[in-house]
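Trainee: Structure provided below as C-alpha cells; questions to follow.
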Amino acid sequence: MNDSQTRQRGKAVGIATARGAPPAVSPHDEDALSAIKSEILSRLMLGAAKDASVATQRDWFVAAASVARDRIIRSWLASERADVAAGRKRVYYLSLEFLIGRLYTDVLSNLGLKKAFDAALGDLGVDLNRMRDTEPDAALGNGGLGRLAACFMESMATLGIPGGGYGIRYDHGLFRQVIKDGWQQEYPETWLSFANPWEFGRAEVVYDVHFGGHVETVASHGGEHAVWHPGETVEAAAFDLPIIGFHGRHANPLRLWSARAVDPLRLDAFNSGDHVGALNEQMRAEAISKVLYPSDATAAGRELRLRQEYFFVSASLQDIVRRHIETFGDLRALPDQVAIQLNDTHPSIAVPELMRILVDIHGMAWDDAWPLVNATLSYTNHTLLPEALESWPVPLFERLLPRHQQIVYRINADHLSVAKQKFPGDDAMMASVSLIDENDGRHVRMGHLAFVGSHRVNGVSALHTDLMRKTVFRDLHALYPDRIVNKTNGITFRRWLYQANPALTRLLRDICGREMLDDPSRLAHLRAQSGDAALQDRVTAIKRANKVALSNMIAEHAGVRVDPDALFDVQIKRIHEYKRQLLNLLETVALYNAIRLEPDRAWIPRVKIFAGKAAASYTQAKLIIKLANDIAATVNADPRIRGLLKVIFLPNYNVSCAETIIPAADLSEQISTAGMEASGTGNMKLSLNGALTVGTYDGANVEIAEHVGRENIFIFGLTAQEVAERRLAGTHDPREEIENVPMLRHALAQIESGAYSEGDAERFKPLIGSLRNADHYLVTADFAAYYAMQRHIDEVWRKPREWARLALLNIAGMAYFSSDRSIREYADDIWRVPVSSG
Ligand code: 26Q
C-alpha cells in the first residue's frame with residue numbers, strides 16, 4: 001500500500017477555531033432585528049421556494065437554522081487562519097457515538113442570538129415551540145458515553161481548544177422506542193429524512209478505507225517491508241457539523257464519515273464489469289454507516305461492528321495525518337502538534353492503524369514510530385463490566401485486517417518482552433497482560449491494546465479509576481504505574497442549565513452575579529444564603545413551574561394526569577440490570593401496598609417517573625420496562641389510593657425530553673449496584689437543577705456527596721467494597737434477604753402471582769426467578785435500606801423550606817461537575833495544550 005492509494009481530492013477545509021466574540025444581539029436593537037427577519041425571509045424564499053404565508057414550521061426552522069449557520073461560518077473561517085499561523089496543537093476526540101440532541105437553541109444561545117431570533121420569529125408570526133419541535137434529535141449515541149462526547153465537544157469549543165470530533169454519520173441513530181401494551185418496540189430513527197441544515201457535506205474530502213486481502217513481505221534496502229494487498233475498498237466521505245462554544249468565540253467541527261462504494265468509474269477496475277457483484281459491493285459498503293449499534297453495554301462481537309470501527313478510525317487518522325503534514329511537514333513532530341483521545345475501546349484499532357500509516361506508508365522505522373504513536377494517543381475507559389470489554393476473535397480480525405493483526409503481534413512481542421524484564425518468570429502475569437487472550441479461543445483484547453498504545457489511560461470518576469487499578473487493569477497498572485489517571489466526568493452547563501432551565505439560571509445569576517455564567521465556582525455563594533426563606537420560596541416556585549410543564553408532557557405522551565405538587569421522583573437512563581430500575585419498582589410496589597393497608601395515613605403524594613431504552617436484544621431489560629408499565633397501569637387505576645401514587649413510563653427517552661424532565665425533578669434516583677456505574681452524568685444534571693439525590697456510593701455519586709456535603713444527599717446501601725467482598729465470599733443469599741423483609745417478600749409474591757399481569761403468573765418469572773436464585777446485582781441486599789431511606793425522604797419533603805435549602809446546597813456544590821473543568825484537566829495532564837480562560 002502506498003500513498004497513491006490514500007486518495008485525497010483537493011484541499012480540505014481545515015478544522016477551525018474562531019477567536020473574537022461576535023457581540024450578542026439585543027432583541028431591542030431594531031436594525032439588527034430587521035436584518036435577521038429579512039435574512040430569514042430570504043432564506044425561506046430561496047431555500048424552500050415559499051412565501052411566509054404557506055411556510056410550514058419545518059420550513060421556518062430550516063430557514064432560521066440556515067441564517068444561524070451563516071453566523072457561525074464567519075467566525076469559524078476567520079479563525080482557521082489564526083490557528084494555522086500560530087501553529088497551535090490540535091486535539092481530536094475519536095468516538096463511535098455523539099449524542100447531540102437538537103442544535104438550534106444551543107447554537108443561538110451560544111452565539112448570543114437567542115432572544116433576537118425569538119423576537120424576529122415572533123414578529124414573523126412563528127410559533128417558537130412548535131417550530132423548535134420540528135428539529136429531530138441527532139441521536140448518534142446510546143447513552144452516557146455518547147452524551148459525554150457531545151458535552152466535551154461543546155466545552156472544547158468554549159475553551160478555545162483547536163481540533164474537533166470524529167465519528168460516523170449514521171443514517172439511523174438510536175432507535176425510536178414505542179411502548180405497545182407496555183412492551184418496548186423499536187422503530188428506525190430517520191433523523192436525516194429531511195435535509196440537515198447544520199451539516200456541510202465536504203465533497204472534496206474522501207478517503208479510501210481497505211479491508212481483507214493479504215500481506216506480502218517485500219525485501220528492501222537490506223531489510224524487508226510489508227505491502228498490504230486489500231481485497232475490498234470503501235470510500236469515507238466527510239460531513240461537518242459545527243460545534244460553537246459559549247459566546248461564539250470558537251467553533252470546532254464534528255467530522256462524521258459516511259460510507260459508500262468506490263465510484264462506478266473506479267469500480268470497473270475492481271470488478272471488470274461484474275455489475276451484480278458491484279451492486280453487492282455497494283450494499284456492503286453502505287451498510288457500514290447505516291445504523292448505530294443499539295447496545296449500551298454489551299460488546300456484540302459482530303463483524304459489521306469491527307468494520308465500523310476500522311472505517312472511521314482509518315478515515316480519521318488519514319485526515320489528521322494529512323492535515324499535520326500539510327501544516328507542519330514533519331511526522332516526527334506529531335505528538336507536539338496532535339493529541340488523539342480514544343473514547344472507550346471502540347477506536348482502539350487506531351493503535352495499529354497509526355503504526356501502519358507511519359511505518360508502511362511513510363517509511364518510518366518501527367522503533368521511531370512507536371514512541372510517537374504512544375505519545376499521541378490516550379484512552380478513556382467507561383466500564384468495568386466484563387460483558388462490555390471488547391475483544392475480537394483472532395480469525396475474524398485476521399481476515400478483515402491482516403496487516404493490523406501482524407502489527408498487533410509485533411506490538412505484543414515488544415510489550416511482553418518489557419513485561420518479562422520487569423516480572424521474570426511470572427507466566428500468569430504474561431498471560432494477563434498479553435494483547436491476546438488465549439483462554440477461550442484466541443481473542444484480541446481491545447482494552448489492553450488501547451492501554452499499551454496510550455501514554456495516559458483514564459477512568460471517569462475517582463472510584464472507577466481506583467477500581468480500574470485494582471481489577472481489569474491491575475497487572476497492566478503494575479507494569480505502567482503512572483499511566484492510569486482519573487478525569488471525573490462533567491456536563492456542559494450551557495445546555496443542562498442555561499438552556500434547559502432559564503428561570504433557574506436567572507435566579508442564580510441574581511444571587512451569584514452575572515460572572516457565574518463563565519465561572520460556576522461562584523455558585524458556592526448560594527451556600528451562605530441557603531437558609532434565606534425568600535430565596536427558598538423562589539427556587540420552589542421555579543421548580544413548580546417546571547413541574548407544570550413536565551405534567552403537560554406526561555399528559556400528552558403517557559396519557560396520565562399528575563399533580564405538580566406531588567414529589568417528582570425520577571429515574572431516567574438506559575434500562576440495565578446493574579442500574580436497578582427493578583429496585584425502584586419493588587419499592588414502588590411496597591409503597592403501594594403500604595398505602596392500601598393504611599389509606600388514611602398522611603402519605604406524601606409521589607409521582608414515580610421512569611424513562612429509558614433497553615437494547616433490543618436485552619430480554620431482561622425489556623421485561624423490566626413491561627413491569628414498569630404493568631405496575632403503572634394497576635397503580636394509576638386504583639381509586640383506593642386516591643392518586644397518592646402515580647407511576648409513569650415516558651416513552652422514547654432522548655436528549656430533548658431530558659431537557660424537560662431534568663428541570664422538573666425533585667428526587668434523582670442513582671441507585672446502581674456499588675462499583676458498577678463508572679460515573680453517571682445524569683446524576684450531575686439532576687443535582688445541578690436542584691433535585692436531591694437518593695443513591696448508592698457509586699461512580700460520581702461519591703464525589704457529588706463530597707462536594708454538596710454528605711449530609712445533603714441521601715446515600716444508602718452496600719459500598720463497592722462490601723459488594724466485592726460478598727461476591728468473593730459467595731455469601732449473598734437472596735432467599736434469606738427476601739425472607740427477612742416481609743414487604744419485599746410480599747411484593748415479589750404479588751408480582752409472581754400475576755397481580756400486575758392480568759393473572760398471568762408466567763410473565764415476570766424470568767425477572768423474579770433470577771432475583772431469587774442469583775440476584776447478581778444485589779437488589780434484595782439493598783432493598784430494606786432503600787425503602788427506609790425513601791421514607792426518610794418523605795419526612796424531609798414535609799418541610800418544603802428544608803427541602804429547598806437542601807436543593808440550594810446541592811446546586812451550590814456543583815461547579816466541579818462542569819465539563820469545562822473536566823476538559824481543562826484533560827488539556828493539562830493528557831493533551832498538553834493551553835486553554836483560554838473560558
Ligand atoms: C461495544 C461493542 C459493540 C457494540 C456496542 C458497544 C458499546 C457501546 C456503547 C459498549 C458500551 C457503550 C456505552 C457505554 C456507556 O455509555 N458507558 C457510560 O459512560 C458514561 C460516560 O463516562 C458513564 O457516566 C456511565 O457510568 C457509563 O455507564
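The values are calculated or read from the model by the stated rules, or taken from the named source; none is laboratory data. Treat the numbers as computed from the prediction; the structure is a model and nothing was measured. Here the Cβ is made from the backbone with ideal geometry for all residues, glycine too, and neighbour counts use every protein chain on show.
Trainee: How many residues does segment 636-686 contain that are in contact with a Cys (Cβ under 9 Å, 6 or more places away or on another chain) and of a type in the set (Val, Ile, Thr)?
Mentor: So the count comes out to 1.
Trainee: Let me ask another. Those residues that are part of a strand (DSSP E or B) and of a type in the set (A, V, I, L, M), I need them from segment 548-572; list them, please.
Mentor: Leu567, Val570, Ile572
Trainee: Going by what's in this entry, would Lys613 be described as assigned to a loop (DSSP other than H, G, I, E, B) and on the phi < 0 side of the Ramachandran plot?
Mentor: yes
Trainee: Look through His443, His464, His477, His448 and report the one residue that is within 16 Å of the ligand (Cβ to nearest atom), over 24 Å from the mean Cα position of the chain (by Cα) and not β-branched (Val, Ile, Thr).
Mentor: His443
Trainee: Here's another thing I want to ask about it. From the list Met153, Met131, which one is more than 30 Å from Ala614 (Cβ to Cβ) and among the hydrophobic types (A, V, I, L, M, F, W, C)?
Mentor: Residue meeting the stated conditions: Met131.
Trainee: Looking at segment 503-518, is at least one residue at pLDDT 95 or above, part of a loop (DSSP other than H, G, I, E, B) and basic (Lys, Arg)?
Mentor: no
Trainee: Buried (at least 19 other Cβ atoms within 10 Å of the Cβ) and in a loop (DSSP other than H, G, I, E, B): does that describe Tyr787?
Mentor: Values: buried (at least 19 other Cβ atoms within 10 Å of the Cβ): yes; in a loop (DSSP other than H, G, I, E, B): no.
Answer is no for this residue.
Trainee: Here is a further query. Can you confirm whether Tyr777 is in a helix (DSSP H, G or I), touching a helix residue (DSSP H, G or I) at 6+ places or on another chain (Cβ under 7 Å), surrounded by 13 or more Cβ atoms within 10 Å (Cβ to Cβ) and hydroxyl-bearing (Ser, Thr, Tyr)?
Mentor: Working: in a helix (DSSP H, G or I): no; touching a helix residue (DSSP H, G or I) at 6+ places or on another chain (Cβ under 7 Å): yes; surrounded by 13 or more Cβ atoms within 10 Å (Cβ to Cβ): yes; hydroxyl-bearing (Ser, Thr, Tyr): yes.
Spelling it out, it is not the case that Tyr777 is in a helix (DSSP H, G or I), touching a helix residue (DSSP H, G or I) at 6+ places or on another chain (Cβ under 7 Å), surrounded by 13 or more Cβ atoms within 10 Å (Cβ to Cβ) and hydroxyl-bearing (Ser, Thr, Tyr).
Trainee: Restricting attention to segment 6-18, does a residue exist that is buried (at least 22 other Cβ atoms within 10 Å of the Cβ), farther than 30 Å from Asn654 by Cα, at pLDDT 85 or above and within 30 Å of the chain's Cα centre (by Cα)?
Mentor: No, segment 6-18 has no match at all.
Trainee: If you don't mind, there's one more thing I want to ask. Can you work out which of the residues in segment 279-294 that are closer than 30 Å to Tyr653 by Cβ and charged (D, E, K, R) is farthest from the ligand (Cβ to nearest atom)? Walk me through how you get there before you give the answer.
Mentor: Quick first cut of segment 279-294, residues closer than 30 Å to Tyr653 by Cβ only: 286-294.
Imposing the further condition that a residue be charged (D, E, K, R) reduces the set to 286, 290.
Numbers: Glu286: 20, Lys290: 15 Å.
Here the residue is Glu286.
Trainee: From the list Leu476, Leu435, Leu449, pick out the single residue that is in contact (Cβ under 8 Å) with a residue 60 or more places away in the chain and under 23 Å from Ser378 (Cβ atoms).
Mentor: Leu449
Trainee: Related question: What pairs can you find where one residue is in segment 329-345 and under 26 Å from Glu309 (Cα atoms), the other is polar (S, T, N, Q), and their Cβ atoms are less than 6 Å apart, with a gap of 6+ or different chains?
Mentor: Note: pairs meeting the criteria are Leu334/Thr376; Pro335/Thr376; Val338/Thr376; Ile340/Thr376; Gln341/Ser378; Asn343/Ser95; Asn343/Thr380.
Trainee: Within segment 719-744, work out how many residues are over 24 Å from Glu677 (Cα atoms) and either in contact with a Cys (Cβ under 8 Å, 6 or more places away or on another chain) or surrounded by fewer than 16 Cβ atoms within 10 Å (Cβ to Cβ) (or both).
Mentor: The qualifying residues number 5.
Trainee: Scan segment 658-685 residue by residue and report those that are within 13 Å of the ligand (Cβ to nearest atom), outside any loop (DSSP other than H, G, I, E, B) and either more than 17 Å from Ala611 (Cα to Cα) or not basic (Lys, Arg) (or both).
Mentor: If the condition is that a residue be within 13 Å of the ligand (Cβ to nearest atom), outside any loop (DSSP other than H, G, I, E, B) and either more than 17 Å from Ala611 (Cα to Cα) or not basic (Lys, Arg) (or both), then Gln670, Gly682, Asn683, Met684 are the ones that fit.
Trainee: So which of Ser258, Ser193 ends up being in a strand (DSSP E or B) and polar (S, T, N, Q)?
Mentor: Ser258
Trainee: Here are some residues: Val234, Val218, Val178, Val227. Which one is within 26 Å of Leu396 (Cα to Cα), surrounded by fewer than 19 Cβ atoms within 10 Å (Cβ to Cβ), in contact (Cβ under 8 Å) with a residue 12 or more places away in the chain and β-branched (Val, Ile, Thr)?
Mentor: Every option except Val227 fails the conditions.
Okay, residues lined up against (1) closer than 20 Å to Met684 by Cα; (2) touching a Phe, Trp or Tyr at 6+ places or on another chain (Cβ under 9 Å):
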site: Leu507; (1), (2): yes, no
site: Gly513; (1), (2): no, no
site: Arg522; (1), (2): yes, no
site: Lys547; (1), (2): yes, yes
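Trainee: I would also like to ask the following. Sort out for me the helices (runs of 4 or more DSSP H) sitting completely within segment 689-765 that have 1 or more residues that are within 16 Å of the ligand (Cβ to nearest atom) and touching a helix residue (DSSP H, G or I) at 6+ places or on another chain (Cβ under 6 Å).
Mentor: Correct list: 701-708.
Trainee: Next question, about the same structure. Identify, please: which residue in segment 346-397 is small (Gly, Ala, Ser) and within 16 Å of the ligand (Cβ to nearest atom) and is, among those, nearest to the chain's Cα centre (by Cα)?
Mentor: The residue in question is Ala388.
Trainee: Let me ask something else about it. So Arg202 clears everything in (1) within 24 Å of Asn652 (Cβ to Cβ); (2) outside any loop (DSSP other than H, G, I, E, B) except one condition, right? Which one?
Mentor: (1)
Trainee: Among Ala236, Ala226, which is the only one that is assigned to a strand (DSSP E or B), under 30 Å from Ala82 (Cβ atoms) and of a type outside the set (Lys, Arg)?
Mentor: Ala236
Trainee: Just give me the residues in segment 806-838 being of a type in the set (D, E, K, R) and crowded, with 20+ Cβ neighbours inside 10 Å, in sequence order. If you could, list the steps in order and put the result at the bottom.
Mentor: Let us first name the residues in segment 806-838 that are of a type in the set (D, E, K, R), namely 820-821, 824-825, 828-829, 832.
Matches in segment 806-838: Asp820 only.
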